[in-house]
Protein chains: 2
Amino acid sequence: MPLLRSWVVSANDPAGSFPLNNLPCGVFSTDDEEPRCGVAIGDQILDLAALEQEGVLRLADDPVFDVPFWNEVMELGPQTWQALRDRLIVLLSEGATERAEVAPHLVPMAGARLHMPFLIAEYTDFYAGRHHATNVGTMFRGAENALPPNWLHIPIGYNGRASSVVVSGTDVRRPWGQVKGANDTVPRFAPSRRFDFELELGAVVGTASARPVTVSEADAMIFGYVLLNDWSARDIQGWEYQPLGPFQAKATATTISPWIVTRAALEPFRTATPPREVALLPYLAEPGPMLYDIALEVDLQPEGAAPTTISRTNYAEMYYSAAQQLAHHTTSGCPMTAGDLLGSGTISGPEKANRGSLLELSWGGKEPLALAGGDLRSFIEDNDTVILRGAARGDGYTIGFGECVGKVIPALTDPYAPS
Amino acid sequence: MPLLRSWVVSANDPAGSFPLNNLPCGVFSTDDEEPRCGVAIGDQILDLAALEQEGVLRLADDPVFDVPFWNEVMELGPQTWQALRDRLIVLLSEGATERAEVAPHLVPMAGARLHMPFLIAEYTDFYAGRHHATNVGTMFRGAENALPPNWLHIPIGYNGRASSVVVSGTDVRRPWGQVKGANDTVPRFAPSRRFDFELELGAVVGTASARPVTVSEADAMIFGYVLLNDWSARDIQGWEYQPLGPFQAKATATTISPWIVTRAALEPFRTATPPREVALLPYLAEPGPMLYDIALEVDLQPEGAAPTTISRTNYAEMYYSAAQQLAHHTTSGCPMTAGDLLGSGTISGPEKANRGSLLELSWGGKEPLALAGGDLRSFIEDNDTVILRGAARGDGYTIGFGECVGKVIPALTDPYAPS
């Protein structure tokens, strides 16, 4: 598919993130108005609540865009999602007849504030990148036991904490927690010293289910994707995670990018999961390519210094797709809800430069990473900013995700002092 | 504290569950009306939405009882919870001056339907019973490694799935899942054959927090307690749980009792956690007794047969209190929300007859349990009903929890057939 040309001129820049092909869904506010739904187009945001109020855009009897979340649109289902996309393409295409009705409702992105794009029902995080699982397993359990016996059969996941998910730009406070060093006889309660990021993609579940679904049905339930940084306190995790998995190590924050890139926008970039070493059970069989070719990178920027790109990888490196993860998630009869968020798991590639966490990049702190300015990093230092970016590159256009940014601010001196 | 006598005569039965001392919070409906908030008193439910409409009871400017959940009351905070309790005791006490205004709004419990009493924000399940952890650890890892090294230091927990929590009386469908027997070379996708219950108490978090809280602050955040059955597919769990903990094994359903017994009602029954083998870190220090003396029992009833009481234990057997669990839950900065539900972990006692799961009672299926009618049980069979009961026994009165009941119905023949 070529670039869809828009009368919003900035959307036609082949290097821009938000061409007419993209139309990602966000929630924005301007100085004097309440947060509401919009889509990104070039360097503008189209105010869908205003278009709805003017009668130019109407999805349902009641308004659905005048609220600070996309859940109401999601709940209308995939046919409506497609109808919305079709309508917006008509309204924003070069030569659109309704340009005069639409143009007044473009808001410059530079002057808008972006909010959480949806209400998160529940958050599940997976462990579905083979390179990541192998790297972490090698560090924790040795090369022979790197992959757990179930790993090639099950998209391993755990339930995360929805209340901790924040939108890009939110500062992340270094957590306190219970830690115990290899040479300590008893644990201590202290600020985490091995605080890390995890480069992931988040799938946004758009429709509910109350019974097991196939991979094909699961794919159709996905509204779109966001960049996701699953902040992880490795020292807390190492001490707490046996036998029931990570808990407080992953509960400080998870940052997502502010724009939900729809499944429809990503359709031209579908690519297959890798060949299977062992056959998957039939309930995990894929009816077609279920991953996407999305180039990903991570910058780390110390305060006052230039950013260094510390990782470059691709979502196509995953072993399990979001559709497979969602299908597995429903096997037990677990009810899924519009607004559920599924983290892909850390997306590392085969080489050192493709690793999606500092744990892997610095090999547990043993091989500190050199930044552009000469600083070394084993884990995140106070006031470091971590920036995730993602882009699917098409024929003369780019589907960008916007940035997923978080700055780690120092731990509280006394976490129990009244604020 | 003695029995508080009520003009609702059935509430004065020393063996009854719902004296004036109790006043648990539920959501009920009658034939022709919407679900709304009520409290249990004797064999009646007091319709608080009606009392509020009549102006006899008023907690806030806007109505809070005319909705099918207690979250709005919870969010008003502990002072308001106490004011509500005080007001209800005045209205329902023997000799109350407003008896005539209140009496028309009593609804016979026998004719009412009970619903989920609150909207569950997120669900966390702990592993805080030492007898249970020791039993399970011995079965899975051997007696020498029964308790993980962190267990005496951390109230171990994992995030559960809020969407799967159902109210007492809801049938539970036996799940399908990925399982692998010890002698299998590859896993299979099949209905669980080792489906189990777990006897727990659930703490209902009533106020939000956005920073770490002390054990004392955590205790004040708890609105009340429910009985909780954390249904568990042991065969699915055994194959999936390494390294990130239980996932689909615990996602089919968790059943809670319909009445939230308030912290105030349980106050006379406080009892201390057991002596510590190793000192806890200061952030887990308890300012006073944080457990409760609540007698618990489990009945198992095959279809068409009489129930057998298969376990008798007490909440006082726990190693960590709900307040300690909640305090630990906030250490990382994890935001807590009104409506969060914390499962205690399985409440087993020291003897075989005190074990809170079939996994323990049948020692992994090796020692099947004989029921009253002669049937044997290693795990739950189709159409078995599991009934949990709880009671704190005071001076001439009983604080009952009502029953937490679930019947396990057969697995779907084909989980992917359109329903």
Between the Cα axis of helix A:130-141 and the main Cα principal axis of chain A, the angle (0 to 90°, nearest 10) is 20
Kindly give the distances from A:Q242 to its copy-mates, label point to label point, with each label point 7 Å from Cα along Cα→Cβ, as nm values to one decimal ordered shortest first. 1.0
Just going by the charge dipole of region A:123-409, with Lys and Arg at +1 and Asp and Glu at -1 on Cβ, which of A:V172, A:H329, A:P246 is farthest out on the positive end? A:P246
Whole-percent carbon and sulfur contribution to the accessible surface of the protein assembly as shown (1.4 Å, no ligands, DNA or RNA) stands at 51
Is the shape of chain A best called rounded, prolate or oblate, per the rule: a/c under 1.5 gives rounded, else a/b larger than b/c gives prolate, else oblate, with a ≥ b ≥ c the square roots of the Cα gyration tensor eigenvalues? prolate
One finds, for A:L119 and B:Y416 with R0 = 41 angstrom and r their Cβ-Cβ distance, a FRET efficiency to the nearest 0.05 of 0.90
Can you list the residues of region A:131-160 whose accessible area drops by at least 10 Å² going from the chain on its own to the full set of protein chains, with a 1.4 Å probe? A:R141, A:P148, A:P149, A:N150, A:H153, A:I154, A:I156, A:G157, A:Y158, A:N159, A:G160
Going by the alpha-carbon gyration tensor, a ≥ b ≥ c the square roots of its eigenvalues, is region B:31-118 rounded (a/c under 1.5) or, if a/c is not under 1.5, prolate (a/b greater than b/c) versus oblate? oblate
If each label sits 7 angstrom from Cα along the C-beta direction, how far apart, in nm, is B:Q79 from its counterparts in the other copies? 5.3
Straight-line reach check, A:K407, cutoff 23 Å on alpha carbons, 8 or more apart in-chain or any other chain, hits among lysines -> A:K250
With every protein chain in place, the residues of region A:319-344 shedding 20 Å² or more of accessible area versus the chain by itself (probe 1.4 Å) are A:H328, A:H329, A:T331, A:S332, A:C334, A:P335
Once you charge only the Cβ atoms, +1 for Lys and Arg and -1 for Asp and Glu, what is the size of the charge dipole of region A:223-305 about its Cα centre, to the nearest 20 debye? 280
Sum -39500 (n - 2.57) across every DSSP H segment of at least 4 residues in the protein assembly as shown, then divide by the residue count to get the 222 nm mean residue ellipticity, nearest 500. -4500 deg cm²/dmol
Please list A:R389, A:R377 from largest to smallest accessible area, probe radius 1.4 Å, with all protein chains kept in place. A:R389, A:R377
Whole-number accessible area per residue in Å² for chain B, which is evaluated in the context of all protein chains at 1.4 Å: 35
Heavy-atom accessible surface that A and B bury in contact, both chains counted, 1.4 Å, Å² to 100: 5500
Could you name every residue in region A:219-250 that has 50 Å² or more less accessible surface in the full protein assembly than in its own chain alone (probe 1.4 Å, ligands and nucleic acids excluded)? A:W239, A:Q242, A:P243, A:L244, A:F247, A:Q248
Label point 7 Å beyond Cα along the C-beta direction, distances from A:V56 to other copies (nm, shortest first): 5.6
Treating the beta-carbon of each Lys and Arg as +1 and of each Asp and Glu as -1, no other charges, what is the dipole magnitude of region A:1-58 about its Cα centre, to the nearest 20 debye? 400
Cα centroid separation, region A:311-330 to region B:375-419 (Å): 36
For the protein assembly as shown, what size does the Cα cloud have along each of its three principal axes, sorted from largest down, in whole Å? 80, 63, 57
Which is farthest toward the positive dipole end of region A:9-115 among A:A49, A:A11, A:P63, measuring Cα position about the Cα centre, with Cβ charges +1 (Lys, Arg) and -1 (Asp, Glu)? A:A11
The size of the Cβ-based charge dipole (Lys, Arg +1; Asp, Glu -1) of chain B about the Cα centre, to the nearest 20 debye, is 1240
Taking the alpha-carbon centroid of each part, what is the distance from region B:84-104 to region B:256-304 in angstrom? 30
Given a 1.4 Å probe and the protein chains all in place, what does the accessible area of B:S17 round to, in Å² to the nearest 10? 50
Rounded to whole Å, how close does chain A get to the rotation axis onto B by Cβ? Give me the residue too, please? A:G245, 1
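The values are calculated or read from the model by the stated rules, or taken from the named source; none is laboratory data. Just so it is clear, the structure is predicted and the values come from calculations on it, not from any experiment. Positions of Cβ are backbone-derived with ideal geometry, glycine not excepted, and every protein chain shown enters the neighbour counts. Keep in mind that these areas ignore ligands, DNA and RNA; they rest on the heavy atoms of the full protein, side chains included. Shrake-Rupley method; radii C 1.70, N 1.55, O 1.52, S 1.80 Å.
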